[in-house]
Amino acid sequence: MAKKQRFENWEYPEIIEGKPTKYNWVVQNKEGLDLGYQTDIGAFSYINAKYGVVIEEGVQIGSHCSLYSLSTIDDKKGKVHLKKNCKIGSHTTILPCVTIGKNTIIGANSLVLSDIPDNVIAYGVPAKVVRSIDGER
């Protein structure tokens, strides 16, 4: 039995600088956004891509999330990279210079300050790896 695709008729959304998409998420500095195929970004999420945001294929981002390639509090700047099939829980904030690994799950309400490796579950403030996807620590 073939695995059913999450989106049968997925299309790239129209992104207008600083305006909500039809799915009610917003991008600033849209020229810095690299959006992969079959991504799912929840309503009321915000992406500041001034220094680059890469969202690879199959990534899911919950509602009310924030991705910042620039922090005005400490002037940190750098690319945010969400690798293939990672999942970001609602109300999570990801700060500059962070990579989230392939197939990784970030729990809701997390603050991600540093890289999280492939195939793990992480959550918290700040987010920390809790276990690998296969159950090992």
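Of the residues that make up the stretch 56-79, is at least one small (Gly, Ala, Ser) and in contact with a helix residue (DSSP H, G or I) (Cβ under 7 Å, 6 or more places away or on another chain)?
The answer is yes; a qualifying residue exists.
Scanning the stretch 98-129 for residues that are in a strand (DSSP E or B) and not aliphatic (A, V, I, L, M), which turns out nearest to GLY58 (Cα to Cα)?
Per the stated criteria, the residue is THR99.
Have a look at GLU17, GLU11 and point out the one that is acidic (Asp, Glu) and modelled with pLDDT of 95 or more.
GLU17
Here is a list: HIS91, HIS81, HIS64. Which entry is in a loop (DSSP other than H, G, I, E, B) and closer than 13 Å to VAL112 by Cα?
Checking each option against the conditions leaves just HIS91.
Scan the stretch 75-112 for residues that are surrounded by fewer than 16 Cβ atoms within 10 Å (Cβ to Cβ), within 13 Å of the chain's Cα centre (by Cα) and closer than 17 Å to ALA49 by Cα and jot them down.
Of everything in the stretch 75-112, nothing turns out to be surrounded by fewer than 16 Cβ atoms within 10 Å (Cβ to Cβ), within 13 Å of the chain's Cα centre (by Cα) and closer than 17 Å to ALA49 by Cα.
Please go through the stretch 48-104 and pick out each residue that is of a type in the set (D, E, K, R), without any contact (Cβ under 8 Å) to a residue 12 or more places away in the chain and under 24 Å from PRO20 (Cβ atoms).
Within the stretch 48-104, no residue meets the criteria.
Identify all residues within the stretch 9-43 that are in a helix (DSSP H, G or I) and either surrounded by 12 or more Cβ atoms within 10 Å (Cβ to Cβ) or within 16 Å of the chain's Cα centre (by Cα) (or both); write none if there are none.
Correct list: LYS30, GLY32.
Report yes if LYS128 is in contact with an Asp or Glu (Cβ under 7 Å, 6 or more places away or on another chain), surrounded by fewer than 19 Cβ atoms within 10 Å (Cβ to Cβ) and not aliphatic (A, V, I, L, M), otherwise no.
Considered against the rule, which asks whether it is in contact with an Asp or Glu (Cβ under 7 Å, 6 or more places away or on another chain), surrounded by fewer than 19 Cβ atoms within 10 Å (Cβ to Cβ) and not aliphatic (A, V, I, L, M), LYS128 comes out as no.
The values are calculated or read from the model by the stated rules, or taken from the named source; none is laboratory data. Being a predicted model, the structure only gives us computed values, none of them experimental. Virtual Cβ from ideal backbone geometry, glycine too; neighbours counted across all protein chains shown.
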